[in-house]
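Here the structure is laid out as structure tokens; the discussion comes afterwards.
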Number of protein chains: 2
Amino acid sequence: MDAALTLFAERGYLGTSMRDIASQLGMRAPSLYNHLESKQELLQDIMLRTMEDLFADHRAAIATTNDVAEQLRRAMEAHVRYHARHPREVRIGNAEIWNLEQPAQDRVRKLRRDYARSWQDVINRGVDEGRFQTPSPQLASYAMLEMGIGISLWYHEGGRLSESQLAYYYGDMALRLVSAESG
Amino acid sequence: MDAALTLFAERGYLGTSMRDIASQLGMRAPSLYNHLESKQELLQDIMLRTMEDLFADHRAAIATTNDVAEQLRRAMEAHVRYHARHPREVRIGNAEIWNLEQPAQDRVRKLRRDYARSWQDVINRGVDEGRFQTPSPQLASYAMLEMGIGISLWYHEGGRLSESQLAYYYGDMALRLVSAESG
DNA sequence: TCCCATGGCGAACGACCGTTCAGCCGGGAG
DNA sequence: CTCCCGGCTGAACGGTCGTTCGCCATGGGA
């Protein structure tokens, strides 16, 4: 539900009432229950779908080439594009894990872990092949993931930088972080 | 108040009740009002003090040298050390701005803006002196700030990496991001 | 024309929130 | 010993929350 996305992202899950969501849709709160089970269900749908979409984009990006430096660049570009295009989803995803009930919370945590592991695999392979150089592949991957997340906080369409410029610059920074020559 | 720090960081401002805080202290909620004005006051104290401390550490770090590459490294080290030492404060600081009432919210936003600007000033000077190379000093500064914030989410004392190792590695990454030779 | 399913609605539920207030208790000052 | 006062307390306040329920309007199918 689009209205819930906007409100959860702006005020947080606990800061948004069913009455708020309903009024954004020109309705009253009880009417919402004709279309959904509970408020918690809304949050779970949003967070699970977000992580799965992000991960799917990521896999598609690194499947397009075998060159490890190019994989890293394209992974970062996909990461950045997703965060620029879906800032509301990402903000909720990063802020509301603690408000997710089990077992959904563990599912999201597992997806995150798998996502981070995939990044580390790429970096480790680059190091093994002698293409990347870094004192800690793990720290490098954390840094890259985190760099993208910030984008969802300040980027808005129509700003000074286009999404494609953003993706290119961040791809560039990712390669610099591991001292790689661009593939 | 230390108890409030822990609870706000774990469950969020809205997810923590005065009864929760009191019970952590072996009291009842009304007793808290002998020591503070309101729940909002707690949040404002925490967030303002946090941003001011972080900024003070930052200024001290870049005042210790005139070499711009060394300034960048030391700024990143101070940034990382603060986030590793005060994860609760930082988490609250990043998650709860929207729950801060005015005028405190604007004061915190201004402190953040000033902090970011100081980073950009260092990077811009490095570019002017021909020491740094980056397609966008602004993006580079955002990336560096964001890299540190993630630390507060996973670092804990006694983990595989010591705080000093962490600071050194991140300082290294900051310099790589702008393709600088270590000062 | 009648029927019924769909979906919005007002009212109300119990729970919990931040906060107030009057009273109680223990211990230090006189 | 007496008094007083800082600090903790139960009770209670008005308010908001997520959710339920019975009612009602509507409009398409028979």
(message) For the stretch B:126-157, give me each residue that is aromatic (Phe, Trp, Tyr) and facing another protein chain (nearest Cβ under 9 Å).
(response) B:Tyr142, B:Trp154
(request) Would you be able to tell me the number of residues in the stretch B:24-53 that are without any contact (Cβ under 8 Å) to a residue 40 or more places away in the chain and in contact with an Asp or Glu (Cβ under 6 Å, 6 or more places away or on another chain)? (result) 0
(request) Specify which of the listed residues (A:Glu77, A:Glu89) is over 27 Å from A:Val178 (Cβ atoms), modelled with pLDDT of 95 or more and either charged (D, E, K, R) or within 15 Å of DNA strand C (Cβ to nearest atom) (or both). (result) A:Glu89
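Looking only at the stretch B:5-27, count every residue that is over 16 Å from B:Asn94 (Cα atoms) and either more than 8 Å from DNA strand C (Cβ to nearest atom) or in a helix (DSSP H, G or I) (or both) and tell me the total. Write out each step before concluding.
Going through the stretch B:5-27, the residues over 16 Å from B:Asn94 (Cα atoms) turn out to be B:16-27.
Now narrow it down to the ones that are either more than 8 Å from DNA strand C (Cβ to nearest atom) or in a helix (DSSP H, G or I) (or both): B:18-27.
Of the residues in the stretch B:5-27, 10 are over 16 Å from B:Asn94 (Cα atoms) and either more than 8 Å from DNA strand C (Cβ to nearest atom) or in a helix (DSSP H, G or I) (or both).
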(request) Find all pairs meeting these conditions: Cβ atoms under 7 angstrom apart; at least six residues apart or on different chains; first residue within the stretch B:54-73 and basic (Lys, Arg); second residue in a helix (DSSP H, G or I). (result) B:Arg73/B:Gly171; B:Arg73/B:Ala174; B:Arg73/B:Leu175
(message) For the stretch B:15-26, give me each residue that is under 17 Å from B:Glu37 (Cα atoms) and within 12 Å of chain A (Cβ to nearest Cβ).
(response) B:Thr16, B:Ser17
(request) Collect the residues in the stretch B:158-183 that are without any contact (Cβ under 8 Å) to a residue 12 or more places away in the chain and more than 8 Å from chain A (Cβ to nearest Cβ), keeping them in residue-number order. (result) B:Gly158, B:Gly159, B:Arg160, B:Ser162, B:Ser164, B:Gln165
(message) Given (1) within 15 Å of DNA strand C (Cβ to nearest atom); (2) exposed (fewer than 14 other Cβ atoms within 10 Å of the Cβ); (3) assigned to a helix (DSSP H, G or I), identify the lone condition not met by A:Glu37.
(response) (3)
(message) Which numbered condition in (1) among the aliphatic types (A, V, I, L, M); (2) touching a residue at least 40 places away in the same chain (Cβ under 8 Å); (3) under 26 Å from A:Ile151 (Cβ atoms) is the only one that B:Ala116 fails?
(response) (2)
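The values are calculated or read from the model by the stated rules, or taken from the named source; none is laboratory data. Quick caveat: nothing in here was measured; it's all calculated off a predicted structure. Cβ coordinates were reconstructed from backbone atoms using ideal geometry, including for glycine residues, and neighbour counts include every protein chain displayed.
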